[in-house]
Amino acid sequence: MSEKNFTPIKIDLEKDKRYAWCTCSHSEVQPFCDGSHRAHDKPGALGFTSEEAKEAWLCTCKQTGNPPYCDGSHNSL
C-alpha cells in the first residue's frame, strides 16, 4: 500500500451548493465522498453547504478538529 498524501486540497466552494466530504479516507476523489466507505464498513460522508462562494482548504488527513476544513493537523502525522 502506498503512503497517503495528507496535504489539504484547495476548493472553490459555491454558495448554497451541497457537498459530501469524505470521512473515511478511502475515496478516490478526495476530499469528496465516492461511496468507498461502504466497501470498508466505515461511516459515511459529512454533508455540508457553503453559505458563500469562497476558497477553502479541505482536510484529507481526517484528523481536523474543524471538519471539513483543514486546521493543520496533518503536520503532526
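The values are calculated or read from the model by the stated rules, or taken from the named source; none is laboratory data. Everything numeric in this text was worked out from a predicted model, so none of it was measured. For neighbour counting, all protein chains shown are included, and Cβ atoms are generated from backbone atoms with ideal geometry for every residue, glycine included. SASA here: full protein model, heavy atoms, side chains in, ligands and nucleic acids out. Shrake-Rupley method; radii C 1.70, N 1.55, O 1.52, S 1.80 Å.
May I ask you to derive the relative contact order of the chain, considering only C-alpha pairs under 8 Å and at least 6 residues apart, and to give it as an integer percent? Mind dumping the intermediate values first?
Working: 142 pairs, mean separation 27.6, N = 77.
Relative contact order, the chain: 36 percent.
Show Y19, Y69 ordered by accessible area, largest first, where the area counts protein heavy atoms only and the probe is 1.4 Å. Please report the intermediate quantities before stating the final value.
Working: Y19 20, Y69 50 Å².
Ranking Y19, Y69 by accessible area, largest first, yields Y69, Y19.
Based on the alpha carbon coordinates of the chain, what radius of gyration and maximum Cα-Cα distance (Dmax) apply, in Å?
Calculated on Cα positions, Rg and Dmax stand at 12.3, 38 Å.
Check cross-link reach from K42 to the lysines: straight Cα distance under 19 Å, and skip same-chain residues fewer than eight apart.
Hits, sequence-local ones excluded: K4, K62.
Taking only protein heavy atoms into account and a 1.4 Å probe, give the accessible area per residue of the chain in Å².
Accessible surface, normalised per residue, equals 66 Å².
Mind checking region 15-77 for GluC sites (Glu not before Pro) that DSSP puts in a loop (not H, G, I, E or B) and that have at most 13 other Cβ atoms within 10 Å? Walk me through the numbers before you get to the answer.
Details: sites: E28, E51, E52, E55; in loops: E28, E51, E52.
When the GluC sites (Glu not before Pro) of region 15-77 are filtered for loop state and at most 13 Cβ neighbours within 10 Å, E28, E51, E52 remain.
Order the following by accessible area, largest value first: D12, D34. Probe radius 1.4 Å; ligands, DNA and RNA are ignored.
Details: D12 115, D34 70 Å².
Sorted by accessible area, descending: D12, D34.
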